[in-house]
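The values are calculated or read from the model by the stated rules, or taken from the named source; none is laboratory data. These numbers come from a predicted model, not from an experiment. FYI the Cβ positions are ideal-geometry reconstructions off the backbone, even for glycines, and counts take in every protein chain you see. When the accessible area is computed, the model is the full protein with side chains, heavy atoms only, and any ligands, DNA or RNA have been set aside. Shrake-Rupley method; radii C 1.70, N 1.55, O 1.52, S 1.80 Å.
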Amino acid sequence: MAGALQIVLFIILLIVLHELAHIVCARVLGIPIQRIGLTTSPYPHIYVSIKWPKESNKKYCYLYAGTFITLGGFLVLSFYHFFNNQFLFYAYVIQLVFETNPFYSDFTISMATRISLKKEVKSYAQYYKEQLNMYQFSLPWYIHFLIWTIIILVLINLKGHLL
């Protein structure tokens, strides 16, 4: 029971670090932050809402900042053999699986909105839903799903090497 609580607490810490990376990246790139909050759609999570930049490089930098921090932490801990406590490893695995999933993640947002906004849209949320419907179950989505599955298998296989 204590191990499960440690995993949950560390996942919460990883989520906070992930969102902080988005905030820092937005500030550094001069992207206005509109809101920071909690939502239950499509599942309960913290979010950082920004005014979407027209420049693709800023958008992608912002979207991938959180995963970069999580993956960087995972690699550093792996390199320095800090996974003696299994809860650290399991928390990172769970977080990486959530952060890279093809159903709803920063990667999904980047893929669904890869077409630059050529005109102003009234509702970015509506635009995203329309683009997501076109992205889901397309060839790029299946490639994303395949890569995600490979990531899960690699992480499962790493368990024996890192613990």
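I'd like to know if the range 98-111 contains one or more residues that are farther than 20 Å from Glu19 by Cβ, under 18 Å from the mean Cα position of the chain (by Cα), at pLDDT below 85 and surrounded by 15 or more Cβ atoms within 10 Å (Cβ to Cβ).
yes
May I ask you to verify whether Gln95 is in contact with a Ser or Thr (Cβ under 6 Å, 6 or more places away or on another chain), open to solvent by less than 70 Å² (accessible area, probe 1.4 Å) and of a type outside the set (Phe, Trp, Tyr)?
yes
Return the pairs, sorted by first residue and then second, in which the second residue is surrounded by 11 or more Cβ atoms within 10 Å (Cβ to Cβ) and among the small types (Gly, Ala, Ser), the first residue lies in the range 27-47 and is over 18 Å from Gln95 (Cα atoms) and touching a residue at least 12 places away in the same chain (Cβ under 8 Å), the beta carbons are less than 7 Å apart, and the residues are 6+ apart or on different chains.
Ile33/Ala26; Gln34/Ser49; Arg35/Ser49
Testing Ile143 on (1) of a type outside the set (Asp, Glu); (2) modelled with pLDDT of 85 or more; (3) open to solvent by less than 30 Å² (accessible area, probe 1.4 Å); (4) more than 24 Å from His45 (Cβ to Cβ), one condition comes back false. Which one is that?
Just one mismatch for Ile143, condition (3).
Could you say which residue among Ile36, Ile69, Ile31 is of a type outside the set (S, T, N, Q), within 22 Å of Thr113 (Cβ to Cβ) and either open to solvent by less than 50 Å² (accessible area, probe 1.4 Å) or more than 17 Å from the chain's Cα centre (by Cα) (or both)?
Just a single option satisfies the conditions, and that option is Ile31.
Is it true that some residue in the range 44-56 is open to solvent by 20 Å² or more (accessible area, probe 1.4 Å), of a type in the set (Phe, Trp, Tyr) and more than 14 Å from the chain's Cα centre (by Cα)?
The answer is yes, given that some residue of the range 44-56 is open to solvent by 20 Å² or more (accessible area, probe 1.4 Å), of a type in the set (Phe, Trp, Tyr) and more than 14 Å from the chain's Cα centre (by Cα).
Cβ contacts < 6 Å: first residue at negative phi, restricted to the range 120-131; second residue surrounded by 11 or more Cβ atoms within 10 Å (Cβ to Cβ) and modelled with pLDDT under 70, any location; separation 6+ or different chain. Result?
Once the first residue is at negative phi and sits in the range 120-131, its partners that are surrounded by 11 or more Cβ atoms within 10 Å (Cβ to Cβ) and modelled with pLDDT under 70 give Tyr127/Val121.
When residues of the range 74-92 are filtered for being within 16 Å of Phe10 (Cβ to Cβ) and surrounded by fewer than 18 Cβ atoms within 10 Å (Cβ to Cβ), how many remain?
7
I'd like to know if the range 50-64 contains one or more residues that are among the aliphatic types (A, V, I, L, M) and modelled with pLDDT of 90 or more.
Checked the range 50-64: at least one residue is among the aliphatic types (A, V, I, L, M) and modelled with pLDDT of 90 or more.
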